[in-house]
Amino acid sequence: MLLGVSQEAHPTARASADRMMQERSAPTRTMRSHTDSLLAVAFFKDGRRVVTASHDKTLRICDMQRGSLVGEPFEGHKDYVRSVAVSPDDKQIASSGDDKAIIVWDVESKQMIFDPLEKHTGWVLSVCFSPDGKRLASGSHDKTVVVWDAKTGAILATIDGHNNSVWSVAFSPDGLKLASGSADHSIRIWRSDNAELLLKIDAHQHWIRNVVWSPDGQQLVSASFDKTVRFWSSDDGAQIGQPCTGHAYHSLAISSDGSFIATASDDKTLRLWSTKTHKLIGQVLEHTAWVRCVAISLNGEVLVSGDGEGKVLLCSIKNILEQYNAEEGILENKEARQQQLPFSETQLRSYERNEEFLSNHGSPSNHSSEIDEDSDIDDVHSLFDILTIQATLCDASITGILDTAEELLTQEIDADDNNYESYANRSVVRARRAEWKYALQDAVKSIAIQPSLLGYISKAIALCGNGQLWGAMEAFDLAFIFCNRDPIIVDLLLLIKAVSLFNANYHDEAMRRIKDLTTTYQHRNRFPCNVINSYLRAQLAIIDLKNGQYSEAADQFTASITGLFLHPTLLEPRLKIFTVLFGWDLDSLWETISQRRCDAFLLAGRVIEAVESFQYMMNMVNEAGKGSRIEWSTTFKLDCTAHCVAKAHEAVTASNYEMAVSLYTAAIALDSTRTSLFTHRSKVNLELKLYAEALQDAEKVIELDPSSYLGYEMKHVALYEAQHYSEAIDAFEMMLSKLDCELRWQYISPSEAKDAIQQAVHVRLENAPLRLLNTSTGRLCNLEAQTHIFMESTEYKQLLYSLMIHAPLQTELITETVKKYFSRVMLSHRWEQKEPLLHDIQDKVVYDLNPVGAMVKLQTFCKTARDAGYRWAWSDTCCIDQNNNVELQRSVNSMFVWYRQSALTIIYLSDVPSSAKYGALAKSAWNTRGWTIQEFLASVVVLFFRADWTRYLDDHSPNHKKSATIMQELQISTGIDASSLVTFRSGMRGAREKLQWASSRVTTLQEDIAYSLFGIFGIHLPIIYGETKQNALGRLIQEIVAQSGDITALDWIGKSSRFNSCLPADITSYKAPPCILTSLPEDEMQMSVSRLQDVVPVESATKLYTLLDNLSAPRFANSRLQLPCIAFPVTDVRRRDQGTYFTYFVKADGLQDLVITTEDKLTQFSRTRPIPQSFLLVRPWNRYDPGLLDFEDDMSIKTMSMPWSMSDRSLSGSPDKYEESVDSELPLRAVRLTVRLGQAFGAFLLAQQRGGEYRRIASDHNIMARVKDITAVDDMNIRTLEIL
């Protein structure tokens, strides 16, 4: 029946209510645009496309209507992209980030318009276009602002002035001013044309993250980590109105008409604010992760934001704004409407009485005293007059002294027993005291005397309290008779009825009735319903708390708070009736519910929500309210902080770092003085690679405790991970200075690390070229410059840092880093005309020089080396001072080592076209040059390039020495075996073979044919240009023989050198194959040994063996050769005929007769016609000839033992057994040597000189000789001759 009354008074409006709820919600669309967190977002003017920037180092364009990505990502940044802006014509995008660069992109092609703009020395945190699109501005971690020409990339101005990072820059709408917001808490306004400082505003108490201009340029809006958004006059910097408060602001955007702003925060929310009232618009919009960026479409109807999960959220806010604007319009017209409403005299008196009541008892501490915007003035009736509530009861309701009120009312009743009003009022008092029986008696008495609204209300309340529900409902129904169909009184009566039901423990029924009332109103006066609903929800929450249902209680309190927040004027007259009837404390209702909500969240373990609730409460209450709850708030903060920290530690253990950050952040919000909280959060931010945030926390630790090392410990790690290496090293040194001695042992001091690096650099450069080309800059650098560049490099700083943070010293890391940094590329090529020399490029940039002739080759070589990842390059044309003899000497003697230690040798074949096939390399002039053989053999890694700088045979393998095809071609063309081509080792071994390799090579300077071989033999000799090739070659071979004792270098055919007659006049004399005598097969050797054993005394053979074995090695010095040999005196020389060559029959003691062919004219003689000059045919004795034991190789013993069935004899064991084995085989070895001496050999014909020395003659043909009687071993003439 009662429901019917309610519906009669208020016709159904459910359809309109449902429609309103739909309009209040914000339609959203979500899509993932990146693989990592979003840091920036910007709208195109079409309102359809947005560009996003991310931790994943890319930019993407999203079509938000289709929910799809447009094309491929923009790739070019080397680190996080923190800011993005779209040009006014929508054709360009500017982006910036942690790589310290700004890139301007063409939207259509997604290509860079020009190279990245690099001026800043720290992260570039913000970038924006000027209104005309002609300029760019950027703000950086390096504390500067730079203005750029957007078309050319030229720097127009560099602005210094801030004392900390510049997080935001923004041009004014007219482009004449530039605003910057900084971590130094200030906003600065500059003239954009000359960088003059116009205004400084000390704006916030924490870092300023964003600054925007109002469209008319009259105001600036700033957002800060101090959890406020503030509005400023751009003329004088005065603050305008109250700040917007609510969360820590990471991003800020303003609508094109300037009517509202949007903010984004790490608390996973977006909020809209009116720029006129600075109040929140609509409900908070939520993300599933933290939000760092937000933007508003040009028409102001769409909001876009990006979160930590790489998602973009598109939200339609048109309905939210329209609803808010409609409500604001009603509020503004209230006063006019008030003047138009008719007031009765009684209503006016009652209104004045209510106003007096409000002024006497104050307005709530946390809210405005204005009438709620949903209230109309015609709602304000004299409720207390209508209900005949006396002042005695009103006062008692406020003071809580009900005994006095009851006593006074009893006195009134005693004075007038028919005073129905006093009976009704006393019934209310007694009901307040739960004296239901007496309350019912008074109510019945009042009705009996005079039925009234208050009489039936008091009766209904008493019956509810007494458990007589049906009677109570009947009493309420009768009370409606006295409402006179006044909608306000009907509303209140229905609410009183619901509250009474609630108090009678009919909670569900009471809440259902409140809900129905809220949704079935025709007009806007839902304010009392909302308050009653909030109050009863709070009562339900309290019940949940008592039952241990903490999470449910927290949600109930939150729902209750929401209703009160929307309608903060809790002392509005209509609500005071509930204070009178039920004793509700509305003065502190909001604070009480807020406090209980905080406790509920904490008990439920929802600590982040507990902190947010606490912060919200503290922001809303005034100082008096805070003071009254100081004891509670102190205890709450301690308990909640402890819970946050405990849960954060658990999250870290579970590797849930994002949750850990949120928990530590919550703890910091409660207690921002504890360094440990910032330390923990900094570490977790490092795990998340949020280096800027980690650095902020480290700075805060330092601020809180400057004497501790902890802040600097976190700071140096954050800076290093953010690639701010110099600052990281400085922070590390500060940390060391604050460490106790017992803690320093785990680190390396900066001085020790620097010394170790410098020593490694010295060792590395000790045998390096004196100059190298820097492939990055194109400049020639000497060793000092190279070292300086390294000391300023990122690699050095990374190395220094890595060394310092770990003990002991990591020498391998030093060596590896230094080696890698100074890796160089060498050029091997054939010199062309007008090669660029040292003076041509000294103090110049190679890339800037006129690209003509051989300069193109040098420039392309440097670029090729650079593109291959190498910083240094060397070319013999321009990296050696040809006029400096000392430098030239060092360079020639070091050339082999330089190529051997190079990371890569690029071989440029200028005469091999791009179309060339297999075989072109063999025909290349490069393959005929003297220096190139050393350059190739010395190099470990080589790449062949054709004339157009493409790879030979299109072989893109990393090392052409591993190419079987190319190595086969070289082996065939050079005669060098494949093993030597790939893994050549310098030294004296195989000297004759190496000389043969060079015999077909040519050099421009004649001496270079010898100098180019120094490295191949590992020889260092003076460089004496002008000495002639004979002298140069002579000094080389002299050194080979002198150092090695190997006389195979004397095996040549041609003209003798003036340096020494045993040496050739030209390298070409080694073209002929060496004189290698075939050795006897082993079976023939054994037969020969058997025959000799019968005719040659063992003693004679052993004596000969010993004599040869004891011969000293050949000595070669000052052009004189001391040659050990077996000499055979020439006794007869007769010329047989004469043609191109002379042919001579020659006899010599101990040799079979032989024939000598030569161009030389020999003197004829015989025993019967002797001459004074003596001649010898000699067998040069090579200590490495077969037969003599080489103690450097015990395999020689095993080899010699084989023929005599001794291969199974073990020669292992002690040295004594070894010597015994050697001695026992001496006779055998002596006989075998004798057999070999009986074979043919290559002989030298020597002519004795006046001083007794000898000179080799007839060297233009091989002279083959053979011993006449091998058994005549005692007659062999073994001696050492001096040869000129």
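The values are calculated or read from the model by the stated rules, or taken from the named source; none is laboratory data. Only a predicted model underlies this, so the values are computations on that prediction, with no experimental measurement involved. No Cβ is skipped: glycine too gets one built from the backbone with ideal geometry, and neighbour counts run over all protein chains shown. Heads up: the accessible areas ignore ligands, DNA and RNA and are worked out on the full protein's heavy atoms, side chains in. Shrake-Rupley method; radii C 1.70, N 1.55, O 1.52, S 1.80 Å.
What is the extension gain from residue 1131 to residue 737, computed as 0.36 nm multiplied by their sequence separation minus the C-alpha to C-alpha distance, in nm to one decimal?
Using 0.36 nm per residue and subtracting the Cα-Cα distance, I get 132.5 nm.
Measure nothing but the geometry: give the 0 to 90° angle between the long axis through the Cα atoms of 710-721 and the longest principal axis through the Cα atoms of the chain, rounded to 10°.
Result, in degrees: 60.
Rounded, prolate or oblate: which one fits the range 587-682, using the alpha carbon gyration tensor with axes a ≥ b ≥ c (rounded when a/c is under 1.5, else prolate when a/b beats b/c, else oblate)?
prolate
For a Förster distance of 41 Å, can you work out the FRET efficiency between the beta-carbons of residue 233 and residue 703, rounded to the nearest 0.05?
The value I calculate is 0.85.
Mind ordering 826-834, 150-158, 255-263 by average Cβ neighbours within 10 Å, highest first?
Those peptides, ordered most packed to least, come out 255-263, 826-834, 150-158.
What does the helix-only formula give at 222 nm for the chain: each DSSP H stretch with n ≥ 4 adding -39500 (n - 2.57), the total divided by the residues, and the result rounded to the nearest 500 deg cm²/dmol?
-13000 deg cm²/dmol
Sorted from largest to smallest, which semi-axis lengths in Å does the alpha carbon gyration tensor of the range 110-234 give for its equivalent ellipsoid, taking the root of 5 times each eigenvalue?
Listed largest to smallest, the semi-axes of the range 110-234 are 23, 16, 13 Å.
Cβ neighbours within 10 Å, averaged per peptide: list 294-305, 858-869 in order, most packed at the top.
Going from most to least packed, we get 294-305, 858-869.
Using Cα centres only, tell me the gap between the range 60-112 and the range 113-167 in whole Å.
Cα centroid of the range 60-112 versus Cα centroid of the range 113-167: 17 Å apart.
Give me the accessible area of residue 1276, 1.4 Å probe, in Å² rounded to the nearest 10.
Answer for residue 1276: close to 30 Å² accessible.
Does anyone have the angle between helix 573-582 and the longest principal axis of the chain? Alpha-carbon axes, 0 to 90°, nearest 10?
Here the helix axis deviates by roughly 80 degrees.
Quick check: from the Cα gyration tensor, does the range 143-198 come out rounded (a/c under 1.5), prolate or oblate?
Taking the square roots of the gyration eigenvalues as a ≥ b ≥ c, the range 143-198 is prolate.
Give the residues of the range 1240-1261 whose amide nitrogen is closer than 20 Å to a point set 7 Å from the Cα of residue 1118 in the direction of its Cβ.
Once the point is set 7 Å along Cα→Cβ of residue 1118, 1249-1256 turn out to lie under 20 Å by backbone N, inside the range 1240-1261.
When each pair of different Cα atoms in the range 185-269 is counted once in the 1/r mean, what is the Kirkwood radius in angstroms, to one decimal?
13.2 Å
On the accessible surface of the chain, probed at 1.4 Å, how many percent belong to carbon and sulfur atoms?
Carbon plus sulfur share of accessible area: 49 percent.
Give me the number: length gained by fully extending residue 32 to residue 1083, i.e. 0.36 nm times residue separation minus the C-alpha to C-alpha distance, one decimal in nm.
Result: 369.8 nm gained on full extension.
May I ask for the distance between the Cα centers of the range 666-704 and the range 1259-1282, given as a whole number of Å?
93 Å
Rank-order 580-586, 433-439 by packing density, defined as the average count of other C-beta atoms within 10 Å over each peptide's residues, highest first.
For the peptides 580-586, 433-439, the packing ranking is 580-586, 433-439.
Where the centre of each part is set by its Cα atoms, how far does the range 28-52 sit from the range 781-860, in angstrom?
Each part's Cα centre sits 43 Å from the other's.
At 1.4 Å probe size, with every protein chain present, just tell me what the per residue accessible area of the chain comes to in Å².
For the chain, the per-residue accessible area is 44 Å².
For the chain, just say rounded, prolate or oblate: build the C-alpha gyration tensor, square-root its eigenvalues into a ≥ b ≥ c, call rounded for a/c under 1.5, and beyond that prolate if a/b exceeds b/c, oblate if not.
It is prolate, given that a/c is not under 1.5 and a/b is the larger ratio.
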